[in-house]
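Only one structure is covered here, and it is reproduced in the block below.
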Amino acid sequence: MACNKNVLNKSDLNGIDPSIWNTESSATEFLNGTYDLVMPNWPSPGSIHNTSDELNNATASILNGTLTGVGNEITDIASANKQANDQYWWIYRCNLALQGINGGTMSDDVKAKLKGQFYFLRGYIYFNLIRIYGGVPLILKPQDPSQTDSLYTPRSKTSVCVKQICADMDSAAAMLPATWPLSTDGGRITRAVASAYKGKTLLYWASPQFNPNDIASRWQDAYNACKAAYTLAQTDGYALYPSTSGGLGNLWIDESANNKERMMWRTLDAVSVNPTHGTNNENITRPVSETTGGGGSNEPTWNLVQAFPMANGLPITDPNSGYDAELYWLNRDPRFNQTISYNGQIWNLSNKSNRHEWTYTGFLDDVSKASVTGFYCRKICNPTITASQAPLNSNTGGGSGMDWIELRFAEVLMNYAEAANGIGNLSECQGLLATLRAARGLTQGSYNYGLSVVTTRSAMFTFLLTEREIEFAMEGKRYWDLRRTRQFEKLSGTQRFGIKLAVNSPYLAGAKPANPVAGKTYMDVPDVTGARVCDTINVNNRTTYRKFFTPTFATIEPSTAPVINYPSTYYFYPLPQVLLTSNPSIQQTIGWPGGTFDPLQ
């Protein structure tokens, strides 16, 4: 029978007609609804799980250490709205489908493809839960919501959850195809993605968040899984997006079959009237002058700017790097110009030819919502989108329609490299990173892409964290990497910085007043020919740069704001009170009020 959409949207999933598991189309519709719930979307700038030192926005309770653990502050595991953010509701859907498909009359190959996706989605949900909370209740069969007592399931040890996640990923990989048709099934999970998440799960289990005592066997398990995932991904055609095709500057824009780096993504578009199938990220990321009232939500910090090495791969702190502290943008890693937009850079947004990006204080075009940090994020913007096309309207669509890429082949490579370093194979790790840096356009030179100066396991772990900060900048990964490596607390006592550029006399920024000041040049205002002084400035010339601008570096927080304070207890967040109240068998996590559950076991 044909699937009835209203049936699938019922809150009582036990009310679903079991005959939907007899036809591929109806079962697939239920699967697509589960994808919509589970697949990640563009991270909200500064939200709880996208707070770090790399961007301007932040959740104060996370950055400043003011979580109390006695309320419902971190609600990923449970919320009042079951359809929205209750991940056990999502698990219930997966369990119901896995059970239903087994009892249906579809062919075995169709059953396998459907079950493989549900196994992945269930394992992925549990992966996200354990990296937030540690061990959680492990539910593998659909429960009857009316049988309240049967719902009182205690937390499983984290080790048990990890084992189950890996089992789900193994099941998924065994059942899923190597590829899906891009035009009809783009974004569905493949076997390589499932294999990659098994490796990623074991990498987390080996990392300091879960493995503060550096147990060697965990690193070996992670290495075996990550290497297998990398090999399978290569076999199935995944590869790094080449610098000759635009590197990171074009990777997010190119949604064609030529982009072999995309592995797991949420498919979005610009014409859907369903807001869950569009994105407003373009509008909130661009300078306000290239939006319709947006801008300013994805601004990189000076902290991130400093992390990028030079084109020879050496960090800017190395005396042989060639770093220019004044003209800091020159000769940097190619990913710098593809990721960061800075004062005076050519950035042809809205298809404008030779458009300069200006972030100096008082710049007329953006004075209504100037950059807080002095930078904009260039990587995740499509320059062919006009200002009027940038916003998403919930009624008419719009926005860039850019897909959210949750997993890239570069991450599979870097997970493998980190696991290789974990077992002490420094040369294998260096070889993988050389492959990445070569693809990104760095020069091998005398320093082997900057890798020859990294000579120990501990130094390589530090290097890897910075390399991930660079490669995945502004992609919502930094927060998770800082937690996973237990490096977040080392930011305590520091602050986030930006750059402010004052305009030097006799030049003035802003609008030209009715009574102009004699002897002053209003550099933002077009002359009779339509030209502006600001657009003639060559910031790459030191003398010219000094003539127009005086830079200062300052914290982006108000003077009254506290410094970063990330307590060690934050590596495993407290369970929300709504869950503790509804399930008396649930233990709170050690380190939080009344906590007795050890997430390291």
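The values are calculated or read from the model by the stated rules, or taken from the named source; none is laboratory data. What you are looking at is a predicted structure, and each value in this text was computed from that prediction instead of being measured. Ideal geometry is used to build each Cβ from the backbone, glycine not excepted, and the neighbour counts take in all protein chains shown.
Please determine whether any residue of region 284-301 is under 19 Å from the mean Cα position of the chain (by Cα), of a type in the set (S, T, N, Q) and farther than 30 Å from E557 by Cα.
Within region 284-301 (the criterion being under 19 Å from the mean Cα position of the chain (by Cα), of a type in the set (S, T, N, Q) and farther than 30 Å from E557 by Cα), the answer is no, since none of the residues qualifies.
In region 368-379, is there at least one residue being farther than 30 Å from L508 by Cβ and either among the hydroxyl-bearing types (S, T, Y) or in a helix (DSSP H, G or I) (or both)?
Initial filter on region 368-379 (farther than 30 Å from L508 by Cβ): 379.
Now drop any that are not either among the hydroxyl-bearing types (S, T, Y) or in a helix (DSSP H, G or I) (or both), which leaves none.
Within region 368-379, not a single residue is farther than 30 Å from L508 by Cβ and either among the hydroxyl-bearing types (S, T, Y) or in a helix (DSSP H, G or I) (or both).
Could you check Y522 against (1) in contact with a Gly (Cβ under 8 Å, 6 or more places away or on another chain); (2) on the phi > 0 side of the Ramachandran plot and say which number it fails?
So the condition that Y522 fails would be (2).
Suppose we filter region 26-66 for residues that are small (G, A, S) and surrounded by 18 or more Cβ atoms within 10 Å (Cβ to Cβ); how many remain? Show your work before the answer.
Residues of region 26-66 that are small (G, A, S), as a first pass: 26-27, 33, 44, 46-47, 52, 58, 60-61, 65.
Going one step further and asking which of them are surrounded by 18 or more Cβ atoms within 10 Å (Cβ to Cβ), we end up with 26-27, 46, 52, 58.
Counting residues in region 26-66 that are small (G, A, S) and surrounded by 18 or more Cβ atoms within 10 Å (Cβ to Cβ) gives 5.
Could you check, for region 440-456, whether at least one of its residues is among the basic types (K, R), part of a helix (DSSP H, G or I), buried (at least 18 other Cβ atoms within 10 Å of the Cβ) and modelled with pLDDT of 95 or more?
We begin by selecting, within region 440-456, every residue among the basic types (K, R); these are 440.
Still in the running and part of a helix (DSSP H, G or I): none.
Looking for residues that are among the basic types (K, R), part of a helix (DSSP H, G or I), buried (at least 18 other Cβ atoms within 10 Å of the Cβ) and modelled with pLDDT of 95 or more, one finds none in region 440-456, hence no.
I'd like to know if region 190-207 contains one or more residues that are more than 19 Å from the chain's Cα centre (by Cα) and aromatic (F, W, Y).
Yes: region 190-207 contains one or more residues that are more than 19 Å from the chain's Cα centre (by Cα) and aromatic (F, W, Y).
Run G134 past the list (1) over 21 Å from Y35 (Cβ atoms); (2) surrounded by fewer than 19 Cβ atoms within 10 Å (Cβ to Cβ); (3) at pLDDT 95 or above and report the number of the one that doesn't hold.
Among (1) over 21 Å from Y35 (Cβ atoms); (2) surrounded by fewer than 19 Cβ atoms within 10 Å (Cβ to Cβ); (3) at pLDDT 95 or above, the lone unmet condition for G134 is (2).
Can you pull out the residues in region 235-247 that are surrounded by 20 or more Cβ atoms within 10 Å (Cβ to Cβ) and either touching a Cys at 6+ places or on another chain (Cβ under 7 Å) or modelled with pLDDT of 95 or more (or both)? Explain how you work it out, then say what you get.
Going through region 235-247, the residues surrounded by 20 or more Cβ atoms within 10 Å (Cβ to Cβ) turn out to be 238, 241, 247.
The answer is Y238, Y241.
Might you check whether a residue that is surrounded by 15 or more Cβ atoms within 10 Å (Cβ to Cβ), within 25 Å of T485 (Cβ to Cβ) and in contact with an Asp or Glu (Cβ under 9 Å, 6 or more places away or on another chain) occurs anywhere in region 108-117?
Start the filter on region 108-117 by keeping residues that are surrounded by 15 or more Cβ atoms within 10 Å (Cβ to Cβ), which leaves 110-117.
Still in the list and also within 25 Å of T485 (Cβ to Cβ): none.
Within region 108-117, not a single residue is surrounded by 15 or more Cβ atoms within 10 Å (Cβ to Cβ), within 25 Å of T485 (Cβ to Cβ) and in contact with an Asp or Glu (Cβ under 9 Å, 6 or more places away or on another chain).
Here are some conditions: (1) surrounded by 19 or more Cβ atoms within 10 Å (Cβ to Cβ); (2) at pLDDT 95 or above. G424 meets all but one. Which one does it not meet?
(1)
Suppose we filter region 582-601 for residues that are surrounded by 15 or more Cβ atoms within 10 Å (Cβ to Cβ) and of a type in the set (S, T, N, Q); how many remain?
Residues in region 582-601 being surrounded by 15 or more Cβ atoms within 10 Å (Cβ to Cβ) and of a type in the set (S, T, N, Q): 4 in total.
Hey, can you tell me all the residues within region 234-261 that are touching a helix residue (DSSP H, G or I) at 6+ places or on another chain (Cβ under 9 Å) and under 14 Å from I380 (Cα atoms)?
Those that are touching a helix residue (DSSP H, G or I) at 6+ places or on another chain (Cβ under 9 Å) and under 14 Å from I380 (Cα atoms): G246, G247, L248, G249, N250, L251, D254, E255.
For L364, only one of the following conditions fails: (1) touching a Lys or Arg at 6+ places or on another chain (Cβ under 7 Å); (2) surrounded by fewer than 19 Cβ atoms within 10 Å (Cβ to Cβ); (3) of a type in the set (A, V, I, L, M). What is its number?
Just one mismatch for L364, condition (1).
Looking at region 486-497, can you tell me whether even one residue there is touching a residue at least 12 places away in the same chain (Cβ under 8 Å), more than 27 Å from L55 (Cα to Cα) and hydrophobic (A, V, I, L, M, F, W, C)?
If we filter region 486-497 for residues that are touching a residue at least 12 places away in the same chain (Cβ under 8 Å), which is where we start, we get 486-489, 491-497.
If we keep only those that are more than 27 Å from L55 (Cα to Cα) too, we end up with none.
Within region 486-497, none of the residues are touching a residue at least 12 places away in the same chain (Cβ under 8 Å), more than 27 Å from L55 (Cα to Cα) and hydrophobic (A, V, I, L, M, F, W, C).
Might you let me know whether region 327-339 holds any residue that is closer than 23 Å to A390 by Cα, in a loop (DSSP other than H, G, I, E, B) and in contact with a strand residue (DSSP E or B) (Cβ under 8 Å, 6 or more places away or on another chain)? Can you show your working first?
Within region 327-339, the subset closer than 23 Å to A390 by Cα is 337-339.
Cutting the leftovers down to in a loop (DSSP other than H, G, I, E, B) gives us none.
No, there is no match, as no residue in region 327-339 is closer than 23 Å to A390 by Cα, in a loop (DSSP other than H, G, I, E, B) and in contact with a strand residue (DSSP E or B) (Cβ under 8 Å, 6 or more places away or on another chain).
Which of (1) surrounded by 19 or more Cβ atoms within 10 Å (Cβ to Cβ); (2) of a type outside the set (K, R); (3) touching a strand residue (DSSP E or B) at 6+ places or on another chain (Cβ under 7 Å); (4) over 22 Å from V305 (Cα atoms) does N354 not meet, given it meets every other one?
With respect to (1) surrounded by 19 or more Cβ atoms within 10 Å (Cβ to Cβ); (2) of a type outside the set (K, R); (3) touching a strand residue (DSSP E or B) at 6+ places or on another chain (Cβ under 7 Å); (4) over 22 Å from V305 (Cα atoms), N354 is out only on (1).
Checking K500 against (1) outside any helix (DSSP H, G or I); (2) on the phi < 0 side of the Ramachandran plot; (3) out of contact with any Ser or Thr (no Cβ under 9 Å at 6 or more places or on another chain), which single condition isn't satisfied?
(3)
Would you check if D318 is in a loop (DSSP other than H, G, I, E, B), more than 27 Å from S245 (Cβ to Cβ) and without any contact (Cβ under 8 Å) to a residue 12 or more places away in the chain? Talk me through it step by step, then tell me what you get.
Details: in a loop (DSSP other than H, G, I, E, B): yes; more than 27 Å from S245 (Cβ to Cβ): yes; without any contact (Cβ under 8 Å) to a residue 12 or more places away in the chain: no.
Here the answer is no, as D318 does not meet what is asked.
Out of (1) crowded, with 23+ Cβ neighbours inside 10 Å; (2) under 20 Å from the mean Cα position of the chain (by Cα), the odd one out for A419 is which?
(2)
Does region 19-35 include one or more residues that are modelled with pLDDT under 95, part of a loop (DSSP other than H, G, I, E, B) and more than 26 Å from L268 (Cβ to Cβ)?
no
Could you please find all residues in region 302-332 being under 26 Å from the mean Cα position of the chain (by Cα) and polar (S, T, N, Q)?
N303, Q306
Filter region 211-234 for residues that are surrounded by 15 or more Cβ atoms within 10 Å (Cβ to Cβ), more than 23 Å from the chain's Cα centre (by Cα) and either among the small types (G, A, S) or assigned to a loop (DSSP other than H, G, I, E, B) (or both) and give the result.
N211, A228 - these are the residues of region 211-234 that are surrounded by 15 or more Cβ atoms within 10 Å (Cβ to Cβ), more than 23 Å from the chain's Cα centre (by Cα) and either among the small types (G, A, S) or assigned to a loop (DSSP other than H, G, I, E, B) (or both).
Can you tell me which residue is surrounded by the fewest Cβ atoms within 10 Å (Cβ to Cβ) among those in region 166-210 that are assigned to a loop (DSSP other than H, G, I, E, B) and without any contact (Cβ under 8 Å) to a residue 24 or more places away in the chain?
Keep residues of region 166-210 that are assigned to a loop (DSSP other than H, G, I, E, B), which gives 176-181, 186-190, 207-210.
Cutting the leftovers down to without any contact (Cβ under 8 Å) to a residue 24 or more places away in the chain gives us 180-181.
Working: W180: 15, P181: 10.
Here the residue is P181.
Taking the conditions exactly as written (out of contact with any helix residue (DSSP H, G or I) (no Cβ under 8 Å at 6 or more places or on another chain), within 30 Å of K490 (Cβ to Cβ) and either buried (at least 21 other Cβ atoms within 10 Å of the Cβ) or among the hydrophobic types (A, V, I, L, M, F, W, C) (or both)), does L129 satisfy them or not? If you could, list the steps in order and put the result at the bottom.
Values: out of contact with any helix residue (DSSP H, G or I) (no Cβ under 8 Å at 6 or more places or on another chain): no; within 30 Å of K490 (Cβ to Cβ): yes; either buried (at least 21 other Cβ atoms within 10 Å of the Cβ) or among the hydrophobic types (A, V, I, L, M, F, W, C) (or both): yes.
Criteria not met by L129.
Starting from region 87-103, take each residue that is under 12 Å from Y119 (Cβ atoms) and list its partners that are at pLDDT below 95 and not hydrophobic (A, V, I, L, M, F, W, C), counting only C-beta distances under 6 angstrom and pairs at least six apart or across chains.
N95/K141; N95/P142
For region 493-506, which positions are polar (S, T, N, Q) and at pLDDT 95 or above? Talk me through it step by step, then tell me what you get.
Within region 493-506, the subset polar (S, T, N, Q) is 494-495, 504-505.
Of everything in region 493-506, those that are polar (S, T, N, Q) and at pLDDT 95 or above turn out to be N504, S505.
Just checking, how many residues over region 143-180 are out of contact with any Lys or Arg (no Cβ under 8 Å at 6 or more places or on another chain) and modelled with pLDDT of 90 or more?
Residues that pass the stated criteria total 14.
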